[in-house]
Amino acid sequence: MASSAHTSPNHPYIPSTDSERAEMLGAIGVDSLDALLEDIPAQHRHPKLNLAAGLSEQELSTVFGSIAAENASPSSGYISFLGAGSYSHYIPSTVRSILQRGEFVTAYTPYQPEAAQGTLQVGFEFQTIVCQLTEMEVANAGMYDGPTAFAEACLMAARVTKRTKIGVLSSTDKRLSDTLLAYSKYQGIEIVEVAADATDIPDDLACIGIQSPNFFGEIEDVQRLTKLAHDNGALSVVHVNPTALGMFKAPGEFDVDIVTAEGQPLGVPMAFGGPYVGLFACKKAHIRQMPGRIIGRTTDTKGRTGYALTLQTREQHIRRERATSNICTSTQLIGLMVTVYAATLGKQGMKDLASLCYQKAHYAAAEINKLDGYSVKSSGTFFHEFVVTCPSAPPKINEALLKKKIIGGLDISDRSESGMLVCVTETSSKADIDRFVKALSEIGVSA
Amino acid sequence: MTISINAGGVDRRLLMDRSVTGRKAFTLPASDVPTQNLPDSSLLRDDVELPEVSQLEVIRYFSVLSQLNFSIDTNFYPLGSCTMKYNPKINDELSNLPGLANIHPLQPDVTVQGAIRLLKNLQDDLGEITGLSGVSLAPLAGAQGEYAGLLIARAYHDARSDSARTVAIVPDSAHGTNPASAAMAGLEVVTVRSDDQGNVDVENLRELANSNTAVFMLTIPSTLGLFEPNILEITKIVHDAGGLVYADGANLNALLGVVKLGDLGVDICHSNLHKTFSTPHGGGGPGSGPVMVTNELAKFLPKPVAVKTDVGYVLATPEMSVGSINGFHGSFSIAARAYAYIKALGQEGLRSVSENAIISANYIQAKLRDKYDLAADRYCMHETVLSAARQKKRGVAGLDIAKRLLDFGIHAPTMYFPMIVDEALMVEPTESESKETLDHFIAVMRQIDDEVDSAPELLHDAPHDLPVTRLDEATAARKPVLRWSAEV
Ligand SMILES: Cc1ncc(COP(=O)(O)O)c(C=O)c1O
């Protein structure tokens, strides 16, 4: 008989025993599982599943040990100078420790607020931290990641202004504009590029989407660009790096309308690209056009403070095809990591961290700039990323670096001739930087 | 001065209200490089107003907050459509191995062969389980998987110069993300009715499917927890009209080794790894919503797709890809957990997951049907949708029953969804729960039904013993307070 409900051996994840299953089937009033499956076309029931047999926990650990060993990481002796949207930062023990709390990890979205005050209060703290960092009025409880937050922010600007043309500054990461393209493709939206030094923009733009520090690591003149947007009836959407906000002026100071960021630098492992969390903040006036979950403070029937999901009429489960976004499951747990991280670093820590990244990156840039054949291509102020113009093709240089257990910067020769985008954070020691500089010098034109 | 005690003695002051100037929880190392010039001070900010608290305060604050939650680790959580199963601890541990957690998404492929191999193997396994062999792990949650699937459907029609297909047919029982995703994909949503058995009204579908149909979005099993008996006829109607069939696979926990969606004529589906494949829900994410398609549609998948070549594993962009729907390669460490889950269960174990999930749901249904109405009077799959219509007539709403369950330490079922069922209470026990737990739940539900008559105020005022009683959500929405501020 194909149906094997009574023969499969028990698994640690499945408690029911054969006799309990038989008892339950009896209570249901059937004598086999198949009697419950009659709606499924018989010819397609119980197909062959060509998968390996299950593994014990110990065997599984061995399998994963070998997978992990095939990757080059700091634990296998590599140093890396990659950034471009994902950043290496030290993660404090407090973040890892709180992430062990199963009460946070294994809860669902807080649909029953009385049974989810932990998740909800953390979400409220998260919104507060996003507002404090960006100096914006309101924030949501998080988006999938930075690029989707940016894409949704531009679409929100289109709703707010009732315009359909979105401007994106030319210095923006393609990962942001590509995601925007995929998100807006069938919504009658046109995306146009705005030159970083533009003094004039079309008068029908919904927004200017700005990244600062931009893809090349440099601080944009957010104040000027925001004014330019406003003078033309457009909003300004600014995508920031949250680490840089420990040092550089916050977008809220410049009358920016919507701010987004990749939250990963704030205590989240790089993990080959995810999961991360998108930060999303805006002016209070636009709140009803904001996508995503929002947590609000209220009181219970006894007058005690509590928290609950709020402004839900924007969302898909109520508004369906007229919702501000389709987002449902988001990134609450990553938001928890960001919240614990920000609470741990605190006021002084965020400042010190930004300064450390700045100092190290600028030291590295100065040293590289001294090398024959290499030059740092920087026109303004950069934070912890900068473009190096290399004496030979960056992929060749990276190949040679790799032999020395160095993962070089990102090859951006498609956007800057012979360009390599180098990132230096607090996780690189002076010795690491010096090793990188020496290796670059040795490789030079020979690559 | 009297010391006031908050619920359960819990100090719920916010971080900023605990802040004391000069206190710290962390020290950064001193700079080891020569001092560099700072930029113009006009670019710099003075301070970031973040809390100043000690390290112990950080740990105690968040630990205490965690204890205010219900969770799978601590409670039975029969939240329908959400598949709140056991989240194996080994999966968290393995996904946090330094060789997986500390790799950069833009590292050269040769330096991340293990990671790409993992993605490729998971793609293959999901393709085998669903019978749809083209797989991209890029989508970051179910809704993004839906959106990716709809982009694929549109790209397919566009490629055939059949671009007038701008309608998504969606059942009235569908989850809200279905119509929301369809709207994002520029599709007009047309609703197909369910019949009195909870099935798609096939005659209604026949009337609606035509040369404008881009896609039919069907949740399988449906949000009523039912398998669609006319599935083969339905997929044929849609295909005959030139449309594609999209399956919302949020309920895949019923189908592992039971039936393959691809065998039924489904062209595209997504699966929620944070449901069927045991990855923790995290209080609202992160998730992962891989999209699976037929061979024919694989060239449209969002990037990246892991591929095995002569020179090793690479992350590739399909020939006619719908593009990047997010920053990098999807939720990698969630994918790692799901892969660990599939490896741990294997072929037999996965089959057993669905079989046990189905038996448990039917057992609950059988034991409660004399007290609660059923959305449909037939065997269910992995979840059963009850209706509190009878209790409503006796003066107590589904909401009250849901809240009363919390008093017993049981998380509420999904309420008021699907919207076509009056006073819906959607119960999904999952295969993780023992018969004792199911029996306890059944006994509690029966007692609550008694209380509807004997002590209705217990239900109206529930929950009683949680950190808060019912919250004033109307005021929360009318006068939103969304962040700490010095004044509030
Ligand atoms: C039937 C159904 N479809 C789609 C979704 C959306 O999935 P997600 O929340 O991961 O975006 C869910 C769950 O929330 C669901 O239950």
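A compact table of results
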item: About the Cα centre, charge dipole magnitude for the protein assembly as shown (Lys/Arg +1, Asp/Glu -1 at Cβ), debye; result: 1360
item: Along chain A, longest interval not containing exposed trypsin sites (Lys or Arg not before Pro), exposed being DSSP loop plus at most 10 other Cβ atoms within 10 Å; result: A:303-447
item: Entries of B:LYS120/B:LYS303; A:LYS165/A:LYS283; B:LYS24/B:LYS89; B:LYS236/B:LYS275 with Cα pairs more than 23 Å apart; result: B:LYS24/B:LYS89; B:LYS236/B:LYS275
item: Cα gyration tensor shape of region B:311-441, rounded if a/c is under 1.5, else prolate or oblate by comparing a/b with b/c; result: prolate
item: Per-residue mean of C-beta atoms belonging to partner chains within 10 Å, peptide B:365-374; result: 1
item: Positive-pole candidate from B:HIS464, A:SER379, B:GLY114, dipole of the protein assembly as shown, charges at beta carbon; result: A:SER379
item: Sum of -39500 (n - 2.57) over DSSP H runs of 4+, divided by residues of chain B (222 nm, nearest 500); result: -10500 deg cm²/dmol
item: Given chain B, longest segment not containing exposed loop GluC sites (Glu not before Pro) (DSSP; at most 14 other Cβ within 10 Å); result: B:1-318
item: Distance (nanometres) between label positions extended 7 Å along Cα→Cβ at B:ASP124 and A:ALA53; result: 1.9
item: Whole-Hz ³J(HN,Hα) from phi, Karplus 6.51 cos²θ - 1.76 cosθ + 1.60, for region B:266-278, glycine and proline x; result: 6, 9, 9, 8, 10, 10, 9, 4, 7, 10, 4, 9, 6
item: Spin-label pair B:ARG394/B:ALA486, simplified geometry with 7 Å Cα→Cβ offset, distance in nm; result: 5.7
item: Under DSSP loop assignment and at most 16 Cβ neighbours within 10 Å, longest GluC sites (Glu not before Pro)-free interval of chain A; result: A:39-416
item: Debye log10 I(q)/I(0) for chain A, one point scatterer per Cα, at q = 0.05, 0.09, 0.10 Å⁻¹; result: -0.24, -0.71, -0.84
item: Geometric extent, Cα atoms of region B:270-360 - Rg, Dmax (angstrom); result: 15.3, 47
item: Partner lysines for B:LYS392 [C-alpha distance under 17 Å; skip if fewer than 8 residues away on the same chain]; result: B:LYS371, B:LYS403
item: For chain A, accessible area per residue (1.4 Å probe, heavy atoms of protein chains only), Å²; result: 33
item: Three-way shape call for the protein assembly as shown based on the alpha-carbon gyration tensor, with the a/c threshold at 1.5; result: prolate
item: Distant-in-sequence amide H partners of B:THR191 (H built 1.01 Å from N, under 5 Å); result: B:VAL170
item: Long pairs among A:LYS48/B:LYS343; A:LYS405/A:LYS430; A:LYS249/A:LYS404; A:LYS227/A:LYS370; A:LYS174/B:LYS479, criterion Cα-Cα beyond 27 Å; result: A:LYS249/A:LYS404; A:LYS227/A:LYS370; A:LYS174/B:LYS479
item: 1.4 Å probe accessible area per residue over region B:90-344, in Å²; result: 25
item: Mean ellipticity per residue at 222 nm, deg cm²/dmol - from DSSP H runs of n ≥ 4 across chain A, formula -39500 (n - 2.57); result: -11000 deg cm²/dmol
item: Global form of region A:93-341, assessed from the alpha-carbon gyration tensor, a/c cut-off 1.5; result: prolate
item: Distant-in-sequence amide H partners of A:LYS377 (H built 1.01 Å from N, under 5 Å); result: A:VAL387, A:VAL388, A:THR389
item: Estimated vicinal HN-Hα couplings, Hz - region B:366-375 in sequence order (Karplus 6.51, -1.76, 1.60; Gly, Pro = x); result: 5, 7, 10, 5, 6, 9, 10, 5, 9, 4
item: Heavy-atom accessible area per residue - region B:349-473, 1.4 Å, Å²; result: 31
item: Karplus-derived HN-Hα couplings along region B:456-471 (A = 6.51, B = -1.76, C = 1.60, θ = phi - 60°), whole Hz, x at Gly and Pro; result: x, 5, 4, 7, 4, 9, 5, x, 9, 10, 9, x, 9, 8, 4, 9
item: Normalised contact order of region B:90-344, rounded percent, pairs of Cα under 8 Å and 6 or more residues apart; result: 30
item: Buried solvent-accessible surface, both chains (A, B), 1.4 Å probe, Å² to nearest 100; result: 16700
item: A:PHE383 long-range amide H proximity, modeled H, under 5 Å; result: A:ILE219
item: Carbon/sulfur fraction of accessible area - region B:340-477, other protein chains in place, 1.4 Å, %; result: 49
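The values are calculated or read from the model by the stated rules, or taken from the named source; none is laboratory data. Predicted model only: the values in this text are computed from it and were never measured. We place every Cβ from the backbone using ideal geometry, glycine too, and count neighbours over all the protein chains shown. Heavy atoms of the whole protein, side chains included, go into the accessibility calculation; ligands, DNA and RNA do not. Shrake-Rupley method; radii C 1.70, N 1.55, O 1.52, S 1.80 Å.
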